[in-house]
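Engineer: The following block contains the structure, expressed as structure tokens.
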Amino acid sequence: MRQMFTMIVECCENMVLALAHPTGQECEVKDLFVRFKNDIIASCAFGVRIKSFLDKQNVFFRYGKDLTDFGRLKVFLKMMGYQMFPTLMAWLEIDIFDRKHVQFFTDLFRRSFQEREQHGLCLIFFLAGFDTIATLMSFIVYEVTMTPEIQHRLYDEILQVSEALDGKSLTYDALQGMHYLDMVVSETLRKWPPAPSTDRQCNQDFMVTDERDNVEIIISKGGTVSIPIAGQHHDPKFYLDPDRFDPEQVKAIVYHLLLNFEFKRTDRTPVPVQLAKGFTPLRVENGIHRFDPERFNDENKHKIPLGAYLPFGIGPRNCIASRFALMEVKAIVYHLLLHYEFTRSERTPVPLKLAKGFISMKAEKGIYLHLSPRNAE
Ligand code: HEM
């Protein structure tokens, strides 16, 4: 883990240099992070050095993107086929992914891991990590842009660590001590889990009972159960919030005010009322959808019930790379925010709408943000 960390930090430092632009620039952040993730995988896993920012159409990037584009109709149909008729699909030898792409990465794995026999396992590693990290990164920068106070507080923590390191590169231990960064990443994983669902196949008949032990449903052996990770993360049963917009409360206030007072126009009453221009809040967010890292502070995080927070799944088949993923994402946030400030641009989606279809968590029309270098003056 520590050895990988050094390579990740090196990639982050290169990314900061590659993004350098004297006056700042608008960019679609998902595309940015997919390219960056591409360079990290290429160097950490395969020992190949590529620069996806400069060579925009390099073959590693193009094939990786195609391979992980689960929105393509062909891939969608094959995945549904495997969900519904796994034995038949396997018998017909239908592959989910295009042979050309699989062959490219398998050859690369073979050259990189000659001692390793299970190349198929390497491909799973590659697929699982390619999109999830870029997705998580794009939602983190979106949320901190939408709430500048959170971005400032995070920047303060990053700056403190950077000053303590006195010009040296980020260390693994320094990163582990960053509590606010951990809270922001955890809350993003709650609100926008990159893997919004997972599933399990039952290996024996299982009875689901209610609190009085009455059988509600029987899941038969061989049946597949879908686990709605995003659904759990947005369930008001688990994520209550006192700031929720409550129309009943407003009715009560109006009742008491008008019962006791009369309101009249004064010289300064604006007629007609004009709305403020600029970036004003466009919606009232309710408690569940509110981005609030405080849910994960030392006092609150232990109150979240088991099973209500599952960004990396649960049990013996949970994500094998959760620690690695968290380390990588935090290192990227550290380097980006240390050198750049994120602000809204005219194309920033507010509110953010998710793309529909059989794809991972993804903004409908991309996430455009503006990046300005902090040391521009
Ligand atoms: C933010 C990043 C990531 C998220 C949110 C994530 C999430 C998940 C989830 C929800 C599962 C299913 C777990 C379950 O069903 O209980 C999973 C499985 C898996 N993940 Fe990740 N993952 C991430 C990054 C990665 C990376 C970087 C790798 C590899 C380098 C990876 C490798 C795997 C593998 C191999 C499995 C299958 C484990 C098994 O079936 O035993 N993941 N991940």
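The values are calculated or read from the model by the stated rules, or taken from the named source; none is laboratory data. Note that the structure is a prediction, hence the values are computed from the model and not measured. Backbone-built Cβ (ideal geometry, glycine too); neighbour counts: all protein chains shown.
Engineer: Could you tell me which of the residues Arg317, Arg323 is under 18 Å from Met137 (Cβ atoms) and of a type in the set (D, E, K, R)?
Structural biologist: One residue alone meets the criteria, Arg323.
Engineer: For the subset of segment 292-325 comprising residues that are within 16 Å of the ligand (Cβ to nearest atom) and surrounded by 20 or more Cβ atoms within 10 Å (Cβ to Cβ), which member is nearest to His370 (Cα to Cα)?
Structural biologist: Ala325
Engineer: Hey, another quick one. Considering only segment 210-225, how many residues are among the polar types (S, T, N, Q) and exposed (fewer than 11 other Cβ atoms within 10 Å of the Cβ)?
Structural biologist: Final tally of qualifying residues: 2.
Engineer: Can you tell me which of Leu338, Leu369, Leu352 is assigned to a helix (DSSP H, G or I), of a type in the set (A, V, I, L, M) and either touching a strand residue (DSSP E or B) at 6+ places or on another chain (Cβ under 8 Å) or away from the ligand (no atom under 16 Å from the Cβ) (or both)?
Structural biologist: Of Leu338, Leu369, Leu352, the one residue that is assigned to a helix (DSSP H, G or I), of a type in the set (A, V, I, L, M) and either touching a strand residue (DSSP E or B) at 6+ places or on another chain (Cβ under 8 Å) or away from the ligand (no atom under 16 Å from the Cβ) (or both) is Leu338.
Engineer: Please verify whether Arg244 is within 30 Å of Glu346 (Cα to Cα) and either at pLDDT below 85 or within 16 Å of the ligand (Cβ to nearest atom) (or both), treating the condition exactly as stated.
Structural biologist: yes
Engineer: Could you list all residues from segment 196-222 that are away from the ligand (no atom under 16 Å from the Cβ), in a loop (DSSP other than H, G, I, E, B) and not hydroxyl-bearing (Ser, Thr, Tyr)?
Structural biologist: Within segment 196-222, Gln204, Asp205, Asp210, Glu211, Arg212, Asp213, Asn214, Lys221, Gly222 qualify.
Engineer: Criterion first (buried (at least 19 other Cβ atoms within 10 Å of the Cβ) and either assigned to a loop (DSSP other than H, G, I, E, B) or at pLDDT 85 or above (or both)) does Lys37 satisfy it?
Structural biologist: Criteria not met by Lys37.
Engineer: Now a separate question. Given the residues His152, His179, which is the only one that is within 25 Å of Cys27 (Cα to Cα), surrounded by fewer than 19 Cβ atoms within 10 Å (Cβ to Cβ), more than 16 Å from the ligand (Cβ to nearest atom) and not β-branched (Val, Ile, Thr)?
Structural biologist: His152
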